[in-house]
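These notes concern the structure reproduced below.
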Amino acid sequence: QVQLVESGGGLVQAGGSLRLSCAASGFTFRSYAMGWFRQTPGKEREFVATIRSDAYEYYAVSVKGRFTISRDNAKNTVYLQMNSLKPEDTALYYCAKHLRSGAYTRADSYDYWGQGTQVTVFS
């Protein structure tokens, strides 16, 4: 069965960096776009970044230039390198597998989700 397991979250000072990882299994990883979303209490899940199977990248305006998504198909892993972190980046970060249809920025275009990893940025 499909499994997505995130890691790498933590507590970091504003301006610092973190690298999130998402290990995937149970499907042909290289054939699917993979996305990162984030969520804070009381708010909807927010698009962060997606990388297609051809490695083309999409970013939310709020993170473009600070975050970088990448993938290693040999390791079935997608990464999110987060630099110049801000307190407003504090959230639970999820990786997700794209359905192969639907907009990359919409959460309902993804069918499997990890359990999330918490990122907390303090000033």
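The table below gives the values:
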{"read-out": "Every residue from region 74-97 that is of a type in the set (Ser, Thr, Tyr) and either out of contact with any strand residue (DSSP E or B) (no Cβ under 6 Å at 6 or more places or on another chain) or in a strand (DSSP E or B) (or both)", "value": "Thr77, Tyr79, Ser84, Tyr93, Tyr94"}
{"read-out": "From Arg100, Arg30, Arg71, residue being open to solvent by 60 Å² or more (accessible area, probe 1.4 Å), over 18 Å from Thr120 (Cα atoms), out of contact with any Gly (no Cβ under 7 Å at 6 or more places or on another chain) and not in a loop (DSSP other than H, G, I, E, B)", "value": "Arg30"}
{"read-out": "Complete set of residues in region 39-67 that are in contact with a helix residue (DSSP H, G or I) (Cβ under 8 Å, 6 or more places away or on another chain) and in a strand (DSSP E or B)", "value": "Phe47"}
{"read-out": "Matching residues, region 68-123, being small (Gly, Ala, Ser) and touching a helix residue (DSSP H, G or I) at 6+ places or on another chain (Cβ under 6 Å)", "value": "Gly102, Ala103, Ser123"}
{"read-out": "Condition met for Glu44 (in contact (Cβ under 8 Å) with a residue 12 or more places away in the chain, among the acidic types (Asp, Glu) and touching a strand residue (DSSP E or B) at 6+ places or on another chain (Cβ under 7 Å))", "value": "no"}
{"read-out": "Which listed residue is open to solvent by less than 80 Å² (accessible area, probe 1.4 Å) and either of a type in the set (Gly, Ala, Ser) or closer than 14 Å to Ser53 by Cα (or both), from Val119, Val78", "value": "Val78"}
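The values are calculated or read from the model by the stated rules, or taken from the named source; none is laboratory data. Only a predicted model underlies this, so the values are computations on that prediction, with no experimental measurement involved. All Cβ positions, glycine included, derive from the backbone under ideal geometry; neighbour counts span all protein chains shown. Protein only, heavy atoms only, side chains kept; ligands, DNA and RNA dropped before computing areas. Shrake-Rupley method; radii C 1.70, N 1.55, O 1.52, S 1.80 Å.
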